[in-house]
Amino acid sequence: MLQTPHPAIELLFIIALVIINLMPLMAWLLLSSERDGPAKFWFWGTGLFAGNAWLFTLQFILPPWVSFGVGNSLSVAMLFLMIEALLQEFSPNKHRQIYMVGATLIFSAIYIQLISWGYRTTYAALWLAPVLAFQQAFLIALCVRIHRAFQSRSIFILIVAFALALTMNVIRTISLASMGEQIPLLAFNALSNFFVVGILVAAICYSFGYWGFVLEKTKARQIEQEVKANYAEERRRIFEAANIELQDMVNQRDQMVLMASRFSAVNSLAIFNTAIVHELSQPMQALLLSLEETQQHIARLEQTKSQVDVSDSIRLAHKIGDILSSLRGLVSTQRAETAPIDTDDLLINILPILKAQSHRMGVNWQLNALSASVQVMANKVLLERIIINLVANAIDALKDNPSATLSPKIELQTHIDHSNGCAVWVLTITDNGPGIPPEMMKLVTHPFQSTKPSGLGMGLALAQLILRMWQGQLMLNNLSTDAGTGAVVSIQIPVAPSSGEHALTRRADQSQTHPS
């Protein structure tokens, strides 16, 4: 059938064709979905080697340059494809493939030309054997590198296959160099039989060895994917647990905020209740004094025959009613009703009270109103009480000071501040008493903090609270050493917009009329 010179040779060719063609085909089919890019290069190479086997089998009916020249060139191309398959496990490189194709074409051209010149068993064989040996040695080195990278046991089967092929090509090269001719495969002696068996064993080993390597690589990839999936799932669970814990913390925070707001409301009510007691104490004392004076006038009525004037007592009673109404609105809405208040009218109403109280305590009084009359948005009753309380605090500081100066003095000064880009009405009360102790400077505006032994500590706290409702503030300082001792308390309230423009116009007119 194959036109061989002996039936044994024909049987040998059939066995070789079955092994060389069937083994790679079985490995290719068994891999099925596991075939990747490098595997395609590998099995393309095994297909070329199968083509070489067919051409070698038909050597008795084909020209030598076809059966040997083209066939052995296919073997060189096969080894180049196997090299590329192993190299792609580390890095793909299209330029490398171009170089391999070029090297295969150059080898094939030289090899076929030597065969056509009649040097198939000499120079052509001496050109073929070293090239195959070099390729197989390089493949062994790549297998060792892959074993280190992938820890594959199947790669040792490939090393056996290439080592067996390398041994045969080294023997061929030595034989050609020493005897000048190659060893024939069909001589049926020990060496030729070793070559035939070696070729078949190598074909089996490189087919199933690479098949095992691909399976191990696929399994390792699956394990890596499972590890990544488990890691991602674990992170997801951790994130979910952290999210639940964070949500619980947010819920607890909301509950704490709610509780804090309730405590704040209770605390505010306590502050306002104390404020009512504090604010009513002074008018009540004044009313008591007025009533006592009225009682004395009534006792002397028959002697003096003068008319009793209770208008001050009535006015104080109305003042107490106004204070109660303002504080009631402040407690219920936590906002005091505001209206435009003329600062001059405000001071005109309370200056007699302040002067009388100062003179009664032996304190000198000085007023420096440096600003024109403006309007501020505030509650008149509460603002009057704030100013009266601040002056009363200054009087108490001068009265209770054991090292009081010979001439206790209180100075009240007003001006308009434009430093922050908007008009602010500033009322400053300065005394020459001992000042505010440094350790109490930051505490006196807190509820129930007082520098007086019998004080409730509510005046400044309530003043600070109310002024902030009006977008104002209360400032406390001590005089410097060079300026003497004493406290400086300032009320700052923004000027009403229309009033601010009017005040600026009046100040400009005054500066043009009376230049400084």
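Entry remark, segment 156-174: residues being buried (at least 19 other Cβ atoms within 10 Å of the Cβ) and out of contact with any helix residue (DSSP H, G or I) (no Cβ under 6 Å at 6 or more places or on another chain) number 0 in total.
The C-beta contact set for segment 197-218 (first residue farther than 15 Å from LEU29 by Cβ and free of Cβ contacts under 8 Å to residues at least 12 places away in the same chain, second residue small (Gly, Ala, Ser) and buried (at least 20 other Cβ atoms within 10 Å of the Cβ), distance under 9 angstrom, 6+ apart or interchain) is empty.
Sub-9 Å Cβ pairs linking a first residue in segment 348-366 that is touching a residue at least 24 places away in the same chain (Cβ under 8 Å) and part of a helix (DSSP H, G or I) to a second residue that is buried (at least 16 other Cβ atoms within 10 Å of the Cβ) and aromatic (Phe, Trp, Tyr), at least 6 apart or interchain, are LEU354/TRP365; SER358/TRP365, ordered by first then second residue. Within the set ALA177, ALA229, ALA203, ALA241, the sole residue that is surrounded by fewer than 13 Cβ atoms within 10 Å (Cβ to Cβ), at pLDDT 65 or above and within 30 Å of ALA133 (Cα to Cα) turns out to be ALA177. Determine whether VAL214 is at pLDDT 85 or above and either surrounded by 17 or more Cβ atoms within 10 Å (Cβ to Cβ) or within 17 Å of LEU166 (Cβ to Cβ) (or both). The answer is no for VAL214. Checked against the criterion of being under 20 Å from TYR119 (Cβ atoms), in the same structural domain as ALA203 (by TED's automatic domain parsing) and either surrounded by fewer than 16 Cβ atoms within 10 Å (Cβ to Cβ) or in contact (Cβ under 8 Å) with a residue 60 or more places away in the chain (or both), the candidates VAL66, VAL76, VAL101 yield just one match: VAL66. Scanning segment 169-181 turns up at least one residue that is at positive phi and without any contact (Cβ under 8 Å) to a residue 60 or more places away in the chain.
The values are calculated or read from the model by the stated rules, or taken from the named source; none is laboratory data. Predicted, not measured: the structure shown is a model, and the values here were computed from it. Ideal geometry is used to build each Cβ from the backbone, glycine not excepted, and the neighbour counts take in all protein chains shown.
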